[in-house]
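Contents: one structure, followed by commentary.
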Amino acid sequence: MLRESILHNWEEDIEGQVQVIDDSSLVEYPAFTIKYNNCYGVVIPYKGTDEVNERFAGAEIRTGPMYFDGGSLKRVLILTATNENIKVPFAFLCEAFITAEDRTVIEKTPLEWWRKWKMLLGNKNIDERIYDVLGELCVLKYLIAHGENALWNGPDGSSYDIECENRFVEVKSSIKRDRTEATISSEFRLFPKNKSLDLIFCRFEPTVKTGISIDEVLADLEELGYDIDSINDKLKMLGFEKGMSARRKRFILFQMLQYEVDESFPRITPESFENGMIPKGIQSITFEVDLTGLHSVRLL
């Protein structure tokens, strides 16, 4: 069986080298196994032009160059896993990936094939809230374009999404057309020290051909002189590496509203509790702020 050939190769593979999968079903569509020190998988030639870099549930699919016997360099699709304990079930996925029946479909639309497998295996897409990240980058671009020295904190663990010289900026995004709400994930998040705080609310609508994407905003930021390498490093930490389809997902930005977080803004502060202390036994507080009716400045 093809799966047995794949499993046998993984046991015999030399690290860093490809080995042809010897199976009669692959005469017209050759496939190879590969093993590195931290992963193993299968490789097929790829003639497409789209970059692919996706992962889920310990598996990864990506495009890239690879050297074969004789020193020839070819463009390939690589499907790998890192967990040694899932070799047998992963071999089933590899079999579906390399069979001649699916090969033409995979080479033409690899992302579509990948998404169907994600749905089948019940994987939660990390790009469900991609518009949150897009909103932060859109606000960063707006601030820099208007002369502010702004820094995107991303996943650095900082209290606020963006820091400027004289203020912090917290960004909230939504794809709901009829509600303007902001979820605050920490009790004193709207109680800054040393600087003032503004909350900027972005309203998006998913689209296909129009609108903007993360990759396009990054290109604009690069033209404005921002350090794009630092953004890409932070996006990688969030699970959005270069080449991932989530970074090309498009949204129309309908609104960008700015709210000053001052004494009149609905929030929780130390004064909200007796002696300025959260009640004993309460670890954290998450709350929603209804922005409807609050004074705002429309930036877009």
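Table for the structure above
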item: Pairs, first at pLDDT 70 or above in the range 115-134, second open to solvent by 60 Å² or more (accessible area, probe 1.4 Å) and of a type in the set (A, V, I, L, M), C-beta under 9 Å, six or more apart; result: K118/A57; Y131/I175; V133/L238
item: Any pair with Cβ under 8 angstrom, 6 or more apart, that starts in the range 253-268 at a residue that is under 15 Å from K172 (Cα atoms) and ends at one that is among the acidic types (D, E) and open to solvent by less than 30 Å² (accessible area, probe 1.4 Å); result: Q258/D198; Y259/D198; E260/D198; V261/E170; V261/D198
item: Residue in the range 37-46 that is surrounded by fewer than 19 Cβ atoms within 10 Å (Cβ to Cβ), assigned to a strand (DSSP E or B) and modelled with pLDDT of 85 or more present; result: yes
item: Selection from the range 3-19 of residues that are assigned to a helix (DSSP H, G or I) and open to solvent by 60 Å² or more (accessible area, probe 1.4 Å); result: E4, H8, E11, E12
item: Matching residues, the range 229-244, being assigned to a helix (DSSP H, G or I), open to solvent by 20 Å² or more (accessible area, probe 1.4 Å) and touching a helix residue (DSSP H, G or I) at 6+ places or on another chain (Cβ under 7 Å); result: L238
item: Number of positions in the range 269-294 that are surrounded by 12 or more Cβ atoms within 10 Å (Cβ to Cβ) and either over 31 Å from the mean Cα position of the chain (by Cα) or more than 26 Å from S173 (Cα to Cα) (or both); result: 6
item: Selected residue [at pLDDT 90 or above, surrounded by 16 or more Cβ atoms within 10 Å (Cβ to Cβ) and over 26 Å from G276 (Cα atoms)] from G154, G211; result: G211
item: Candidate set from the range 165-195 (those that are at pLDDT 90 or above and within 23 Å of K236 (Cα to Cα)); member that is most open to solvent (accessible area, probe 1.4 Å); result: K172
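The values are calculated or read from the model by the stated rules, or taken from the named source; none is laboratory data. Only a predicted model underlies this, so the values are computations on that prediction, with no experimental measurement involved. Because the Cβ atoms are built from the backbone with ideal geometry, glycine has one as well, and the counts that use them run over all protein chains shown. Ligands, DNA and RNA are excluded from the accessible area calculation, which covers all protein heavy atoms including side chains. Shrake-Rupley method; radii C 1.70, N 1.55, O 1.52, S 1.80 Å.
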